[in-house]
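Enquirer: The structure that follows is given in the form of structure tokens.
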Amino acid sequence: MIFPSYIFILVFLPAVLIAWYAIKPLRVRLALLTLASYVFYGWWDYRFLSLMIASTLLDYACGRMIHRNDDPRVRKRWLFLSIAGNLSILGIFKYYNFFATSLSATLATIGIEASWPTLHLILPLGISFYTFQSMSYTIDIYRGKCKPTSDPLIFSAYVSMFPQLVAGPIVRYEHMEKQLLDLPNAKPNTDMIADGVHLFMIGMIKKIWIADSLAPVAALAFDSGNSPQLFTAWAGALCYTFQLYFDFSGYSDMARGLGFMLGFHFPLNFNSPYKSASPSEFWNRWHITLSNWLRDYLYIPLGGSRHGVVKTLRNLGLTMFLGGLWHGAAWTFVLWGLYHGFFLALHAVWKRIGRVTIPRVPAVVMTFCMAMVGWTIFRANSFENLTGVLSGLVGANGIEPLTYFSVTLGLHLPAIYEQFYGLHGLAFLSLVAMIAFFAPNSEQLPKPKHPLVAGALAILLLVTLTTFIEETPFLYFTF
């Protein structure tokens, strides 16, 4: 089930909200939230519910055993069991085939023929997100940052909360514990519900009216052969850069909006990342909860920036390498992680030795170009595809007539923009860029202060439903 769908908006969400505010006891509300989340997740494929439940039971038990024991060696064993168990599930379903085929190919280059068996498995939806969220619970208990819950329903609800289950934000238990325990006192708050509908509506517009509209142009560059010419390559790279942002930040807005409707506060996940003036600022604004997870559970334990320049650069590179691999089981994702690791390391060195301060405007342009080339690596289907698109960006595959850029956009954007808004392709892309660079982000937009405004937004939401042509999953669902 996905948010922008008839079944979710017209059936699932109203039923959950009515039941949610009709009942008061804590355990009944927790059971409702868990059951609703399992229905939401199982709507895609109920068989993979068992993996999430297994991860939940494992970390619930390990968290209690870590807290119960004072012996450091015993505590480490339980922590190891939690991490190893979660990473084993993730490794089998997400990475086994990647490493098996990569090993076979590597051995073949030195003349050793070895055919490792591959598994015909479907990648479970959102497995990387809920695995990292669940693991953070046992790690934080081990570090003494939070205490384990004695109620398995509380932990089940925490792991499976449907608003942010499959694509974040990745929330920490210490952030959600009090909110979950206060559920019996949670009454309908018209201001929060209005804010939730507002955020949900913004996310819906980002997803349907912007991201999905840019997708066909991005596909033209990446999925129609490996030799796009100059303007096709630029149109595709730019459209994918904005598509991914509006798609993923749109999901995060909708997730946070749903949280508000239920009375929860989820952390901010995007803060206008294309306004960034450096690689480090970009990662402080993009997918913030994952960036914080990588920092707190990988970068800092590796030593962070505490042991000199060389080790700092190593730690940045290793963290981003693993961050790239987290996104997907392909060498293009590994390259994308190393690419960002290189620029983060370069920026760290620049801050130490650089004597020239780059003005903010050119710094923002440079950072955006860095991100766009990174997203080209990220989106590429193969190294051959990547080489073709990068070659196209510098005109090595030929140059179409100047008018082709706008024509390409115009032919592949939905006709609704020209019919109702008079927007041709280039004008639409320019408008999207202006929103990304200059408009306030979702958090900064004025909030509705009256229930009637929320009602008007709900009507606008229903109008948006009429634009549904087909259900299109969010891009990060595949990670």
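Enquirer: Which numbered condition trips up SER227, out of (1) part of a loop (DSSP other than H, G, I, E, B); (2) out of contact with any Lys or Arg (no Cβ under 8 Å at 6 or more places or on another chain); (3) closer than 30 Å to HIS347 by Cβ?
Expert: (3)
Enquirer: In this structure, does LEU183 turn out to be surrounded by fewer than 24 Cβ atoms within 10 Å (Cβ to Cβ) and of a type outside the set (Asp, Glu)? Let's see the steps before the verdict.
Expert: Details: surrounded by fewer than 24 Cβ atoms within 10 Å (Cβ to Cβ): yes; of a type outside the set (Asp, Glu): yes.
So LEU183 fits the description; yes.
Enquirer: Those residues that are small (Gly, Ala, Ser), more than 30 Å from THR232 (Cβ to Cβ) and not in a loop (DSSP other than H, G, I, E, B), I need them from the stretch 181-221; list them, please. Please lay out each step first, then the result.
Expert: Residues of the stretch 181-221 that are small (Gly, Ala, Ser), as a first pass: 186, 194, 196, 203, 211, 213, 215, 218-219, 221.
If we keep only those that are more than 30 Å from THR232 (Cβ to Cβ) as well, we get 186, 194, 196.
The answer is ALA194, GLY196.
Enquirer: In the stretch 19-58, what residues are in contact with a Pro (Cβ under 7 Å, 6 or more places away or on another chain), over 25 Å from PRO4 (Cβ atoms) and assigned to a helix (DSSP H, G or I)?
Expert: Narrowing the stretch 19-58 to residues in contact with a Pro (Cβ under 7 Å, 6 or more places away or on another chain): 21, 24-26, 48, 51.
Within this subset, residues satisfying the condition of being over 25 Å from PRO4 (Cβ atoms) are 24-26, 51.
Residues satisfying the conditions are LEU26, LEU51.
Enquirer: Which of (1) modelled with pLDDT under 95; (2) in contact with an Asp or Glu (Cβ under 9 Å, 6 or more places away or on another chain); (3) within 30 Å of TYR173 (Cβ to Cβ) is the odd one out, the single condition SER249 does not satisfy?
Expert: (2)
Here's the yes/no breakdown for (1) over 19 Å from the mean Cα position of the chain (by Cα); (2) surrounded by fewer than 24 Cβ atoms within 10 Å (Cβ to Cβ):
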{"residue": "THR190", "(1), (2)": "yes, yes"}
{"residue": "ASP212", "(1), (2)": "no, yes"}
{"residue": "LEU230", "(1), (2)": "yes, yes"}
{"residue": "ASP253", "(1), (2)": "no, no"}
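Enquirer: Of all residues in the stretch 157-182, count the ones that are in contact (Cβ under 8 Å) with a residue 12 or more places away in the chain and either farther than 16 Å from ALA36 by Cα or outside the structural domain of LEU17 (by TED's automatic domain parsing) (or both).
Expert: Of the residues in the stretch 157-182, the ones in contact (Cβ under 8 Å) with a residue 12 or more places away in the chain are 157-177, 179-181.
Okay, now just the ones that are also either farther than 16 Å from ALA36 by Cα or outside the structural domain of LEU17 (by TED's automatic domain parsing) (or both), so 167-177, 179, 181.
Selection size over the stretch 157-182: 13.
Enquirer: Please name all residue pairs, on different chains or six or more residues apart, with Cβ atoms under 8 Å, provided the first residue is in the stretch 4-30 and is more than 23 Å from LYS206 (Cβ to Cβ) and touching a residue at least 60 places away in the same chain (Cβ under 8 Å) and the second residue is of a type in the set (Lys, Arg) and in a helix (DSSP H, G or I).
Expert: Here the result reads TRP20/ARG29, each pair linking the stretch 4-30 to a residue that is of a type in the set (Lys, Arg) and in a helix (DSSP H, G or I).
Enquirer: I've got another one for you. Within the stretch 41-51, is there a residue that is of a type in the set (A, V, I, L, M, F, W, C) and either crowded, with 20+ Cβ neighbours inside 10 Å or over 23 Å from the mean Cα position of the chain (by Cα) (or both)? Full working, then the answer.
Expert: Step one: list which residues in the stretch 41-51 are of a type in the set (A, V, I, L, M, F, W, C), which gives 43-44, 48-49, 51.
Next cut, either crowded, with 20+ Cβ neighbours inside 10 Å or over 23 Å from the mean Cα position of the chain (by Cα) (or both) only: none.
The answer is no, given that none of the residues of the stretch 41-51 is of a type in the set (A, V, I, L, M, F, W, C) and either crowded, with 20+ Cβ neighbours inside 10 Å or over 23 Å from the mean Cα position of the chain (by Cα) (or both).
Enquirer: Go through the stretch 150-166 and give me each residue that's in a loop (DSSP other than H, G, I, E, B) and crowded, with 20+ Cβ neighbours inside 10 Å.
Expert: Step one: list which residues in the stretch 150-166 are in a loop (DSSP other than H, G, I, E, B), which gives 150-151, 161, 165-166.
Scanning the stretch 150-166 gives MET161, LEU165, VAL166.
Enquirer: Among (1) more than 23 Å from LEU58 (Cα to Cα); (2) in contact (Cβ under 8 Å) with a residue 40 or more places away in the chain; (3) among the acidic types (Asp, Glu), which single condition is GLU113 missing?
Expert: In the conditions (1) more than 23 Å from LEU58 (Cα to Cα); (2) in contact (Cβ under 8 Å) with a residue 40 or more places away in the chain; (3) among the acidic types (Asp, Glu), GLU113 misses (2) alone.
Enquirer: Specify which of the listed residues (LEU81, LEU58, LEU107) is over 15 Å from ARG143 (Cβ atoms), without any contact (Cβ under 8 Å) to a residue 24 or more places away in the chain, in contact with a Leu (Cβ under 8 Å, 6 or more places away or on another chain) and of a type outside the set (Gly, Ala, Ser). Talk me through it step by step, then tell me what you get.
Expert: On the way: LEU58 fails: without any contact (Cβ under 8 Å) to a residue 24 or more places away in the chain; LEU107 fails: in contact with a Leu (Cβ under 8 Å, 6 or more places away or on another chain).
Matching residue, one of LEU81, LEU58, LEU107: LEU81.
Enquirer: Which residues, counting only those in the stretch 52-70, are closer than 19 Å to PHE40 by Cα and surrounded by fewer than 17 Cβ atoms within 10 Å (Cβ to Cβ)?
Expert: Of all residues in the stretch 52-70, those closer than 19 Å to PHE40 by Cα come to 52-56.
ILE53, ALA54, listed by residue number.
Enquirer: If GLY422 satisfies all but one of (1) modelled with pLDDT under 75; (2) in a helix (DSSP H, G or I), what's the number of the condition it fails?
Expert: (2)
Enquirer: Among the residues of the stretch 253-290, write down those that are assigned to a helix (DSSP H, G or I) and within 22 Å of TRP20 (Cα to Cα). Walk me through how you get there before you give the answer.
Expert: Residues of the stretch 253-290 assigned to a helix (DSSP H, G or I): 253-262, 273-275, 279-285, 288-290.
Selection gives ASP253, MET254, ALA255, ARG256, GLY257, LEU258, GLY259, PHE260, MET261, LEU262.
The values are calculated or read from the model by the stated rules, or taken from the named source; none is laboratory data. Only a predicted model underlies this, so the values are computations on that prediction, with no experimental measurement involved. We place every Cβ from the backbone using ideal geometry, glycine too, and count neighbours over all the protein chains shown.
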